[in-house]
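Colleague: Below is a structure I'd like to ask you about.
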Ligand code: PMV
């Protein structure tokens, strides 16, 4: 009745941006990500007959707010699968995801929670099944079941039974790295949930975004297979720019970019002009992630740290999928 699991966060190279069903989290498009080794969540779930409700500790502090509700709602789903509707759990999570770096801890958080809870209840799930359940906690989390490169297949069924992630290439396939660039100034954030909804509902660019995904996916998978850094970087960067363009077309319009976000993007372009291959990608926030190869690590780190408004640069390699401790 007790299990511990560890899951890493991931960065999307082809973005998940838009839901076709909000209640069970079904996306409008496939997405593809790289799991990162630097950032993870470790979670222990213990189901106890004497508990009257779930108890959730995050970094040794009890949580009772909205985060608690999201966790118990998700555990209800897992209890449903196990036919144990009134069996509650004590949950201890440790987050090694620096929130300042602009990574959503929900990806590693829900992947670790799903893995630990289903293991504690002895539900013998395949990775597909685990990914499908995880998706309903947080969409991007379904990709964190796998290490290396993973693709989340949107599926076509209304019940979501065919919407889960599949492995594309393991972490040892390619030593590609990611620098997370931390910015000093914070902006009021439009959550990914709200941002997606507003974009789907109002942006005239949304249809073109969705239509552009299949060819981006084909090309990036070829690039990953061939370990073609320029190809993968170019597609990831362009895909990110298209996603962010949809937000400018929304009503009311919005952007996740800050002035320093744009400075980092320009520095990455200048690095390329000086013969250092590097490409950026940006999620639903102002921070930038830079893709690079190991031989350029020092140059990349130095150039990014020198940008005014940048407070830290955190380097990461490809990471592994869910593990049980
Ligand atoms: O799964 P969520 O709700 O955290 O949404 C993630 C959305 C992006 O980070 C912007 C893109 C992605 O595919 O991770």
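The values are calculated or read from the model by the stated rules, or taken from the named source; none is laboratory data. Keep in mind it's a predicted model, so treat the numbers as computed, not measured. Neighbour counts run over all protein chains shown; Cβ positions are idealised from the backbone, glycine included.
Colleague: What is the residue count in region 195-229 for residues that are closer than 20 Å to residue 247 by Cα and assigned to a loop (DSSP other than H, G, I, E, B)?
Modeller: 3
Conditions (1) surrounded by 15 or more Cβ atoms within 10 Å (Cβ to Cβ); (2) in the same structural domain as residue 258 (by TED's automatic domain parsing); (3) at negative phi, marked per residue:
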{"position": "131", "(1), (2), (3)": "yes, no, yes"}
{"position": "134", "(1), (2), (3)": "yes, no, yes"}
{"position": "137", "(1), (2), (3)": "yes, no, yes"}
{"position": "155", "(1), (2), (3)": "yes, no, no"}
{"position": "158", "(1), (2), (3)": "no, no, yes"}
{"position": "186", "(1), (2), (3)": "no, yes, yes"}
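Colleague: Here's something else I'd like to know. Given the options 68, 40, 57, name the one that is more than 13 Å from the ligand (Cβ to nearest atom) and part of a helix (DSSP H, G or I).
Modeller: Unique residue meeting the criteria: 68.
Colleague: Of all residues in region 278-325, how many are assigned to a loop (DSSP other than H, G, I, E, B) and over 24 Å from the mean Cα position of the chain (by Cα)?
Modeller: Total satisfying the criteria: 4.
Colleague: Could you list, in sequence order, all residues of region 64-80 that are within 18 Å of residue 138 (Cα to Cα) and either in contact (Cβ under 8 Å) with a residue 24 or more places away in the chain or in contact with a strand residue (DSSP E or B) (Cβ under 9 Å, 6 or more places away or on another chain) (or both)?
Modeller: Once the filter is applied, which keeps residues that are within 18 Å of residue 138 (Cα to Cα) and either in contact (Cβ under 8 Å) with a residue 24 or more places away in the chain or in contact with a strand residue (DSSP E or B) (Cβ under 9 Å, 6 or more places away or on another chain) (or both), region 64-80 yields 67, 68, 70, 71, 72, 74, 75, 77, 78, 79.
Colleague: If you don't mind, another one. Tell me which residues, restricted to region 164-186, are touching a helix residue (DSSP H, G or I) at 6+ places or on another chain (Cβ under 6 Å) and outside any strand (DSSP E or B).
Modeller: 175
Colleague: Considering region 126-153 alone, what residues qualify as being away from the ligand (no atom under 15 Å from the Cβ) and under 26 Å from residue 69 (Cα atoms)?
Modeller: Answer for region 126-153, where residues must be away from the ligand (no atom under 15 Å from the Cβ) and under 26 Å from residue 69 (Cα atoms): 127, 128, 129, 130.
Colleague: Still on this model: Please count how many residues of region 1-25 are under 23 Å from residue 281 (Cα atoms) and either out of contact with any helix residue (DSSP H, G or I) (no Cβ under 7 Å at 6 or more places or on another chain) or not assigned by TED's automatic domain parsing to the domain that holds residue 138 (or both).
Modeller: 1
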